[in-house]
Structures are given as C-alpha cells and as structure tokens.
Amino acid sequence: MKANNAKTLILVLLAGLVLLTGCTATKTAKTGVTPVEDTSWMFHDIVDAKFVKAHLAVPMPENVMIIDARPYKVKYTKGHIPGAVSIPFSEFDKKSNLLPKDKNTLLIYYCGGLKCKLSHKSAKKAEKLGYKNIKVFAKGYPEWVSRKGNYASVSAEYVAKQIAENNTVIVDARPQKTKFNKGHIPTAINIPFTQFDVLSGKLPRDLNTPITFYCGGLKCRLSHKSAAKALKMGYTNVKVFAKGYPEWKKTYGESNETLQVQAGKVEGSIDLERFKSIIANNPESIMLIDVRDADEFAKGSFKTAMNIPVEKLEPKIKGLPDDKPVVFVCPTGARSGEAYYMVKDVRESLKDVYYVEAQIDFKGDGKYEIKELK
Amino acid sequence: MFKKSIITIMVFIFTIVSFSMAFASEGPDGNKRKGKYTYRKVYKACAATGEVESKTPKMSPADKTMKQWKEIFKNKKFDEFGCKGNWAELSDKDILDIYSYFYHHAADSPTPAKCQ
C-alpha cells in the first residue's frame, strides 16, 4: 500500500515538472523575451585566445601579424598582446603602411573585448585592401590578460612612467658582463635568464609586486622566458617590455652605470638611499671596497665588498676598474672619505668614485645597518 | 606667582639649550675628510725626504681639545707638527681642511680620532 502511494507521488511530481517546463518554454516563445542581438557589425571570421597563442612567437613570424586596434596612448602603451603592432582604428588609413606587403599574411585583429567594434571595423577595412587571411580575436585584450600563464607587453613610455612613480621592479634578463654592465634601463636589477633560478631571490617577496622584464628587443626571448618563470613562481603582476633596451635607447638615450649612482650632499659621497638600493638590488653593479683593517673586515662586511685597508690602497689605485663605479665604505666615512680623496689625488681621471658618508654597523653574515651621520 | 616661576624656568632652559646648540655648531667649516687625507699626505712626503722616520703623523686630533686646536690653527703655530717645509707649502684651503679634521675629532669632540 505504502509503495503504491510513493509511486503515485513521484508520478505527480514528474508531471508537474513537465508542465512547468512546458509552460516556461511556451511563454518564452509567445512573448519573444530572448533578444536577438544585431551582430552585423562583427567580422565574419572570429578566433579565440588559443588560436592567437598558437600563432605567437618571439620573434613574430613574417607570415603573421597581430594588430591592436585600440588607441595607442591610453591603451596600447599600458598593455598589449606580446608582439602586437599598434594600428588604432582611428589611424587606419594613416598607418596602413605598417601592414605587410604580402596580402596572404595572417592578420589577427583585437581590441577591448566583445563589445569593442574597433578590431572588426579594422578587419573589414583590411579586407577591402585585399588581405585574404584575416581573423578577429573578438574577446580581445581583457580575455588575453585574464588567462593563466599569459602576460602583457608594455611600451617604453609606460616603463618610464613606472620608474618615475617607483611602481614596478624592472628586471634586465640579459647577461651581466656583456650586456647589462654596458648599459641598462635606470633602476633595473639584473637577473640573467641563464641564472634565473639562482638569482630569483632578488625578486621582491610580495608576489603582487609589479615586475617588468626586458632584454635585447623583439627578437630576444630572455625576457619572455623569465616572465614565464616568474608567473610560475606565483607573481601576479608580470609584464614584458618586449621592444627592450634597443627601444629604450632610441626613446630615452643611452643609460649606463653612472646614471645608476647618484652623488650625495657631501662632496664625493654617494646618495645614501641610492646606495642602499644598489646594495639591496644590484650590488654587482659597483665595485665596493671596504677600507677598514683586515681584522675588522673579517668580522663582517657587505657580501660583495673586497677589502683594501686605506693604508694599503695607494699602490692599488691604478688597478681600480673604470667601467663601473667604485664606492669606498667604512663605519663612519672617515677612512672611506680619505680613500676617496686619495683616488682623486692619485688618479684624477677616474671619475666614478664615491664614498659612503654614513654610520654603518656591520653585524656579520653580510648584515648591516646604515644610518645618516648626525 | 607659580605661573611666573614656570615661565622664567622655561625661558632659562630655552636660553641654555639655544646657547649650547650654537656653541656646538661652532668650529671650522672646511672639508674634514679631505683634511685627513692632506694631513697624512704631508707626513708621507716629509718621511720621503727623511725629515721624519715614520710616514704616520705623530700628532692625532685626539691629542688636544677643540679649544687647543683652535688656538694652534688661529695663530698658525705648526712647529709642534714638525715637517715645517711641507706645512709651508700648504694652501689656506688645505690648512682649513686639516684644522676641520683636527677640531671635529679633538679629544673633547663627539668622535675623537687617532692617526694610526
């Protein structure tokens, strides 16, 4: 008896469900609530992020061009798909000379997402010009940066602004001796890609810190490979300045070590904040000489410092390098200041020489505390 | 009455502190770092001529008080240093730098220094 009741109940419930579904479907069909979107403005060949990624390479192949149709200054400079060329729709005619000569080249247009028409309109214009292989990545830049493992590429203007506002850590992924030491973007730290695993400790502890990698230009892969490694480490705000140092030199002129070191208030002294920053981020970029006696040095100094007691310095001055700044240190500035004036007296031609006018407490194991002298 | 006393004490303290600060900031304004190098250079040159045995200077800033150094440099009484010829070759700027080094590292200064 009980089993019969249960069966009846299930049947009633099922019937109700069918009726409800039927009613809903009928209602929708009758009222036509579902809007039919006008998609006539869209280009006829749409691709997804996977398609774009499959055609990305460093350097970009000659038969593929990814084109950012958004405005240059407000959008492209702040972030774009690596390798993308900027041809804003508003400047299509003016910049059509940037398009490849070969009309069979694959052109992939994108802009600011599904509601953005710029890429579609550009694609249609390109089609009229005779290009035969055109696609539009309709979900565009927002989709690109939201996908795991992807990162944006930025322009020189953006990098310069970030440096001025102290908003990002700039990482030079090129080799130190042959490239970085000969010139680099100011404030950049050097983590050559080949030593990434060893030197990744130089990266900030906070995984949300913005990091921008660069290397030797559009044909250089080191910054891209480093960015991929940083993303794997968990960094959430990784960018690549793909045009790299060649573009930086072209835009802002050549930079070298002398720009990195900044003179302090007292004659011959190095700016204290800059010194702290160099020691923390890029100590190899300077030749650091601890001029205390050997027994004092043995108790602790900077990790990259070499020991030349001031009494023994004079005969060694001619051997000091002239391709990187020389900085003298001691606990108060007295002996290092003496060393500075000795170099100025003995080898006047050596221009990049400084001393640290500060109180430095060496605590052993490379630890130290630096305070301004009162 | 009590209020008046408080104000008097405050004015007195303020005067003492201001005076001390003014006194503390007194002293030569030469380049003491350069002065140290120049002073040692004098003795190095002097030792090279054989006038003194050691190139390490025999006099250190901590050998005298600020007042004593002030007296010596004001009156240019450098006989005690020896190496008279080398001292005679120094410019006024060099002497001011050396004076600054001695004064700011005198025995009664916050950072007395010895020439090792």
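The values are calculated or read from the model by the stated rules, or taken from the named source; none is laboratory data. These numbers were taken from a predicted model, which means no experiment stands behind them. Every residue, glycine as well, gets a Cβ built from its backbone with ideal geometry; the counts of neighbours run over all protein chains shown.
Looking only at residues that are surrounded by 17 or more Cβ atoms within 10 Å (Cβ to Cβ) and part of a loop (DSSP other than H, G, I, E, B) in the stretch B:83-95, which one is farthest from the chain's Cα centre (by Cα)? The residue in question is B:Cys83. Return yes when A:Leu288 is buried (at least 21 other Cβ atoms within 10 Å of the Cβ) and either without any contact (Cβ under 8 Å) to a residue 60 or more places away in the chain or assigned to a loop (DSSP other than H, G, I, E, B) (or both) and no when it is not. Here the answer is yes, as A:Leu288 does meet what is asked.
Just one of the numbered conditions (1) over 26 Å from A:Glu273 (Cα atoms); (2) surrounded by 16 or more Cβ atoms within 10 Å (Cβ to Cβ) is not true of A:Pro192: (1). Counting only residues that are within 12 Å of chain A (Cβ to nearest Cβ) and crowded, with 19+ Cβ neighbours inside 10 Å, the stretch B:42-81 holds 1 of them.
Please work out which residue is nearest to the other protein chains (Cβ to nearest Cβ), limiting yourself to the stretch A:327-351 and to residues that are within 19 Å of A:Glu296 (Cβ to Cβ) and part of a helix (DSSP H, G or I).
A:Gly337
Tell me whether the stretch A:263-278 contains one or more residues that are assigned to a helix (DSSP H, G or I), within 14 Å of chain B (Cβ to nearest Cβ), over 32 Å from the mean Cα position of the chain (by Cα) and among the small types (Gly, Ala, Ser).
Narrowing the stretch A:263-278 to residues assigned to a helix (DSSP H, G or I): A:272-278.
Of the ones still in play, those that are also within 14 Å of chain B (Cβ to nearest Cβ) are none.
No, because not a single residue in the stretch A:263-278 is assigned to a helix (DSSP H, G or I), within 14 Å of chain B (Cβ to nearest Cβ), over 32 Å from the mean Cα position of the chain (by Cα) and among the small types (Gly, Ala, Ser).
Do we find a residue being over 18 Å from A:Val266 (Cβ atoms), free of Cβ contacts under 8 Å to residues at least 24 places away in the same chain, assigned to a helix (DSSP H, G or I) and not hydroxyl-bearing (Ser, Thr, Tyr) anywhere in the stretch B:50-60? There is no residue in the stretch B:50-60 that is over 18 Å from A:Val266 (Cβ atoms), free of Cβ contacts under 8 Å to residues at least 24 places away in the same chain, assigned to a helix (DSSP H, G or I) and not hydroxyl-bearing (Ser, Thr, Tyr).
Within the set A:Gly130, A:Gly140, A:Gly183, A:Gly149, the sole residue that is modelled with pLDDT of 95 or more and in contact with a helix residue (DSSP H, G or I) (Cβ under 8 Å, 6 or more places away or on another chain) turns out to be A:Gly140. The set of residues from the stretch A:248-273 being crowded, with 18+ Cβ neighbours inside 10 Å and modelled with pLDDT of 85 or more comprises A:Trp248, A:Gly268, A:Ser269, A:Ile270, A:Leu272. In the stretch A:307-326, of all residues being assigned to a helix (DSSP H, G or I) and closer than 12 Å to A:Arg347 by Cα, the one that is nearest to the other protein chains (Cβ to nearest Cβ) corresponds to A:Glu314.
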